[in-house]
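Read-outs throughout are calculated quantities, based only on the coordinates presented, and are distinct from any laboratory measurement. All values derive from a computational prediction rather than experimental measurement.
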């Protein structure tokens, strides 16, 4: 990667982080956490059983999600009505979704602000998500079966 593209990526990340921080400041209801994965989120539903662990690599996860753009326009909604199943880190999910799943446990939901580098990056998804697009991800973990 050239120095020019590195500098361009750093500037893009700074811009995206600034936009996300503005959205977070407008939301006076929820407390956001900065994930070590590089996104911000809050849990809208928390599992009251404190013995339940977050999803981890190899777990089988049943989940639903919805993706919106930074203007709150729904991009993908069909996934909210149908349950998806994945073996975490064993199947192809975009990085932000895979990492967001790891922040929740069974019967939890959250809202995630995903910078473009964790979404679909400079190419978009070649369908509805454009290049360098910040994503708002609503995620619900319905069930988790731990890896053996």
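Evaluate the relative contact order of the chain (contact order divided by residue number), counting alpha-carbon pairs under 8 angstrom at least 6 apart; express in whole percent.
Result for the chain is 29 percent.
Defining a contact as two alpha carbons under 8 Å apart and six or more residues distant in sequence, what relative contact order in percent does segment 13-76 show?
Relative contact order, segment 13-76: 13 percent.
Between the alpha-carbon centers of segment 3-51 and segment 76-148, tell me the distance in whole angstrom.
With segment 3-51 and segment 76-148 each reduced to a Cα centre, they are spaced 14 Å.
State the label only: which of [x] 10.3; [y] 12.4; [z] 9.8 corresponds to mean projected area of the Cα convex hull in nm² computed from the shown model?
[z]
How large is the helix-only mean residue ellipticity at 222 nm for the chain, computed as the sum of -39500 (n - 2.57) over DSSP H runs with n ≥ 4, divided by its residue count, in deg cm²/dmol to the nearest 500? Mind dumping the intermediate values first?
Working: 3 runs with 35 residues, N = 148.
That comes out to -7500 deg cm²/dmol.
Using a ≥ b ≥ c from the Cα gyration tensor of segment 53-136 (square roots of the eigenvalues), is it rounded, prolate or oblate, where a/c under 1.5 gives rounded and otherwise the larger of a/b and b/c decides, a/b for prolate?
Cα axes put segment 53-136 in the prolate bin.
With an 8 Å cut-off on Cα pairs and a minimum separation of 6 or more residues, tell me the relative contact order of segment 59-146 in percent.
40
Output the 0 to 90 degree angle, nearest 10, between the alpha-carbon long axis of helix 3-26 and the longest principal axis computed from the alpha carbons of the chain.
With rounding to tens, the tilt is 60 degrees.
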